[in-house]
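Data first, discussion second: the structure below is written as structure tokens.
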Amino acid sequence: MSARPEDALDWLRPDYEAIYRARADRLAKLRSDPELLTLSKLHYADNPADFINDWGMTHDPRAPERGLPSLMPFVLFPRQRAWIDWAVQRWRAGDGGGLCDKSRDMGITWLAMALSCTLCLFHRGVTIGFGSRKEELVDKVGDPHSIFFKGRTFMKHLPAEYRNGYDERRHAPHMRILFPATDSAITGEGGDNIGRGGRASIYFVDEAAFLERPKMIDASLSATTNCRIDMSSVNGSANSFAERRRKAGTSVFTFHYRDDPRKDAEWVRKKKASLDDVVFASEYDINYSASVEGIIIPAAWVEAAIDAHVKLGIKPTGAKRGALDVADAGVDKNAFGVQHGIVFQHVESWRGTADLDIYHTVQRAFMVADTFGLEGFKYDADGLGASVRGDARKVNEDREAATPRGGAVRTKLVEPYRGSGGVFMPEQLVPGTERTAQDYFENFKAQAWHTTKEKFKLTYRVINGMVKDYNPSDIISIASTCPELDQLKLELSQPTWVPSKTGKWMVEKAPDGTLSPNLADTVVMLNAPMAGPIVINADALALFARR
């Protein structure tokens, strides 16, 4: 495949001349060969992202401030293509739709409207709905911020060959865009009327976290469409959008500002300088807990830790360690984290089996440990995790039995972590207080979260130049390549601290009905002041000694 001008686009200083030339050449070929035009329409019907990228235009009234035209080609970057594929998959599956949480200023509404126009142009009988908290946000004549302005702009600038008879004067009345060649339509609704306008193939709810009466709208949309897609920046954790985000089985697409090549480090610096940490965390870092009181690890601290070792020029050294957090067969997931020195580099999660077979969870943990060359791992020994010790002994025995004579035995040492247990070094004063650890913390879990908090806090201060003299062993870094990074970031900033009945520091890991932060728990287990009361599996140790 030959290179396209879009591939060489400088996103920070875009020059669209080559793209316009390529579009003109492409259109000339289509007009000279009717069969080629027909084939292109068949292709675009199944590949809407290609149509938007090849012919779409977008509008940004702020662009002239940066020396750019307000009207420009709709060139898609990879994450936008991924979103289109996700949305189309949700539509074809008809399984209820999904949810897209996003940073502000990502252009997701433009993307949704461009996709909707494309589907209506090339598919017969499609009806797509758009709703927002106020009618004027959906459609207001001449307002570039309204949703339908975006649709009309997209249609207006398509080549006539693809508009298929569409005429804005006849086919774009208030709150509607009609497609005469396919009998398809895009309709709009606002406020409490969302979902009351009839059936829809897809229904996009824009800024869904800010609806005034979301439960009423939830009821209406449940009978309106099989594909509801909520799109929103976040607005705390106590709303219908956040509840749906937490609900097991919800298909979630996260659109973070890091996914946008137009937003570089300088953009981030300027934006952070103009906003306080809470606003930036909520509106740009997609942190549902940013405005919640008592957050143990603020989102800004977590963000500072992303690739902190790279920013500070620190090479990861030291032991590689693992941690297993065991979940039941419900909505929570098992999680296994891996850390090399100060760098948390990997986390993965999986659902428990229906029969609560912890043995299979331990087997998978052993395989992950093998992958990363770990000699063992910690495990949460409270609750269901208590059986890990016995299951680990059995896995070790099975592995030893399966090892050929003279071969390397792949046994693992497992070490219990008991958050419910007593604190480490109980008589030691807690820094910054005049209280001992046993007087300050409710249990070892509280002490472990507090210790991890202090690492994130120091990292934030070092990254932002507030601290110059520090011990690198006292900070923490999270690799940007870490799987499930977005979910991990959310979970790290979810738990809050509350005073116990006796006034001690206690952790509330799942406030407001949120799910247990299992990914974040592995980070805490690996950064606790110690592994908890150490009771090493004697049987595993004996096997280990024979290696």
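Throughout, read-outs are computed from the coordinates displayed, never taken from laboratory work. Bear in mind that the values here come from a model prediction, so they are computed numbers and not experimental data. Using ideal geometry, Cβ is built from the backbone for each residue, glycine included, and neighbour counts are taken over all protein chains shown.
Counting only GluC sites (Glu not before Pro) that DSSP places in a loop and that have at most 12 other Cβ atoms within 10 Å, the longest clean stretch of the chain runs over 1-211.
Phi angles of the range 300-317 translate, via the Karplus equation with coefficients 6.51, -1.76, 1.60 and θ = phi - 60°, into HN-Hα couplings of 5, 5, 5, 4, 5, 7, 5, 6, 4, 5, 6, 4, 9, x, 9, 8, x, 9 Hz per residue; Gly and Pro are given as x. With the helix formula -39500 (n - 2.57) applied to DSSP H stretches of n ≥ 4, the chain reaches a computed 222 nm mean residue ellipticity of -11500 deg cm²/dmol. Counting Lys and Arg as +1 and Asp and Glu as -1 over every other residue whose Cβ lies under 13 Å from the Cβ of Tyr166, the net charge comes to +2.
Listed cross-link partners Lys247/Lys311; Lys311/Lys445; Lys378/Lys445; Lys320/Lys445; Lys150/Lys272 are compared with a 25 Å cut-off, the Cα-Cα value being larger for Lys247/Lys311; Lys311/Lys445; Lys150/Lys272. Among beta bridges identified by DSSP and lying wholly in the range 76-267, the antiparallel ones come to about 15 percent. Based on C-alpha pairs under 8 angstrom that are at least 6 apart in sequence, the range 76-267 has a relative contact order of 32 percent.
Computed on the chain, the Cα convex hull volume stands at 193 Å³ per residue. Cα extents for the range 201-247 along the principal axes, largest to smallest and rounded to whole angstrom: 29, 19, 17. For Asp357, no residue 5 or more places off, or on another chain, has a built amide H under 5 Å of its own. Annotation for the range 1-74: trypsin sites (Lys or Arg not before Pro) lying in DSSP loop with at most 11 further Cβ atoms inside 10 Å of their Cβ are Arg62.
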